[in-house]
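What follows is a set of notes on a single structure, which appears directly below.
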Amino acid sequence: NVVNSNNRESYDELGKLLHAIADSSELNDASKLEASVNVETIRDQLALDQPNQTIIEAAWETASKVCTTAALAEYVVRIAPMITALFELASGKT
């Protein structure tokens, strides 16, 4: 997949989260689908030179709420700062 090189680490971490979602025995199929679709949406945005902050923010909010099980929370904790950094870059903050 093509991804903006500045976003490669976030993209890869989100891929790990996708695998963890698929493997989760704590999430039902509907929750897995909801989380996976939103994580894929974020990954799709990371391929762009200028990812849409509004789309990423909405997708992350939904995905992170679904991924509150103990096994998935570690991914959320690790990825959340990366998502925040994307917003800071978009707004010119560092």
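The values are calculated or read from the model by the stated rules, or taken from the named source; none is laboratory data. None of the values given here were measured: they were computed from a predicted structure. Neighbour counts are summed over all protein chains in view; Cβ atoms, including those assigned to glycine, are modelled from backbone coordinates with ideal geometry. Accessible surface areas use protein heavy atoms only, side chains included; no ligands, DNA or RNA. Shrake-Rupley method; radii C 1.70, N 1.55, O 1.52, S 1.80 Å.
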Check your understanding: So which residues in region 29-54 are more than 11 Å from the chain's Cα centre (by Cα) and among the aliphatic types (A, V, I, L, M), if there are any at all?
Key -> 30, 33, 47, 48
Point to revise | helices (runs of 4 or more DSSP H) wholly inside region 1-72 that include at least 3 residues being at pLDDT 90 or above and among the acidic types (Asp, Glu) | key: 8-23, 29-46
Check your understanding: Out of 58, 80, 85, 47, which single residue is open to solvent by less than 70 Å² (accessible area, probe 1.4 Å) and over 16 Å from residue 7 (Cβ atoms)?
Key -> 58
Exercise for review: May I ask you to list pairs of residues, at least six apart or on different chains, whose Cβ atoms are under 8 Å apart, with the first in region 36-65 being closer than 15 Å to residue 11 by Cβ and the second being of a type in the set (D, E, K, R)?
Suggested key: 63/34
Point to revise | Filter result for residue 10 (open to solvent by 70 Å² or more (accessible area, probe 1.4 Å) and either in contact with an Asp or Glu (Cβ under 7 Å, 6 or more places away or on another chain) or of a type in the set (S, T, N, Q) (or both)) | key: no
